[in-house]
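S.K.: A single structure is presented below for examination.
None of the figures in this text is laboratory data; all of them are computed from the coordinates on show. This structure is a prediction, so every number in the text was calculated from the model and none was measured. Don't worry about glycine lacking a Cβ; one is built from the backbone with ideal geometry, like all the others, and counts go over all protein chains shown.
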Amino acid sequence: MPNPSSSLRGGRTRKFKSEINVVPYIDVMLVLLVIFMVAAPLTSPNMIDLPTAGKSVLPPTEYIEITLEPEMKSMIGIVAQKSGAGKPETADNSRDLMTKLNALHRKNPELPVMISADKKINYGEVIQTISEAKKLGIDRVGLATR
């Protein structure tokens, strides 16, 4: 009696393919890709704990202090340890702050700048203030810490 599978193909026997079926692997990889794409935004890199810095060995006796507060409030003034703090001026926006900083720097080009920023202020605003001060030609810019 002839083999039923061979009678359909003219008497040849059927050969089995020895290939790996990759479709299930592709399905698993796509599911993993979707899981990682959904889980990636859930990890928040902004939860860092910045260290507190100690005082410098020789803090400057006089400097221009810029105080950055939330809601775009800024104050600028010259601080002198010998004669006490001068009356700080209030700046309404960053352009006004940079205008006042430029005027103070022209009067006192040797004074460094110290930036004191509130914890709640955006880090980008502090960096922008440092960048603008450097553009004005101020070489010594420092950050106040606790």
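S.K.: Using Cβ counts within 10 Å as a stand-in for footprinting exposure, how do K73, K100 rank, fewest first?
M.R.: The fewest-first ordering by Cβ neighbours comes to K73, K100.
S.K.: Taking 21 Å as the cut-off for C-alpha to C-alpha distance, list the pairs among K87/K119; K73/K100; K87/K134; K100/K134 that go past it.
M.R.: Listed pairs above 21 Å: K87/K119; K87/K134.
S.K.: Given contacts defined as C-alpha pairs under 8 Å and at least six residues apart, what's the relative contact order of region 62-143, whole-number percent?
M.R.: It rounds to 32 percent for region 62-143.
S.K.: If each residue of separation counts as 0.36 nm, what is the full-extension length gain between K87 and K119 once their alpha-carbon separation is subtracted?
M.R.: Gain on stretching K87 to K119: 9.2 nm.
S.K.: May I ask you to sort I127, I64, I20 by Cβ crowding, counting other Cβ atoms within 10 Å and putting the fewest first?
M.R.: Going from sparsest to densest Cβ surroundings: I20, I127, I64.
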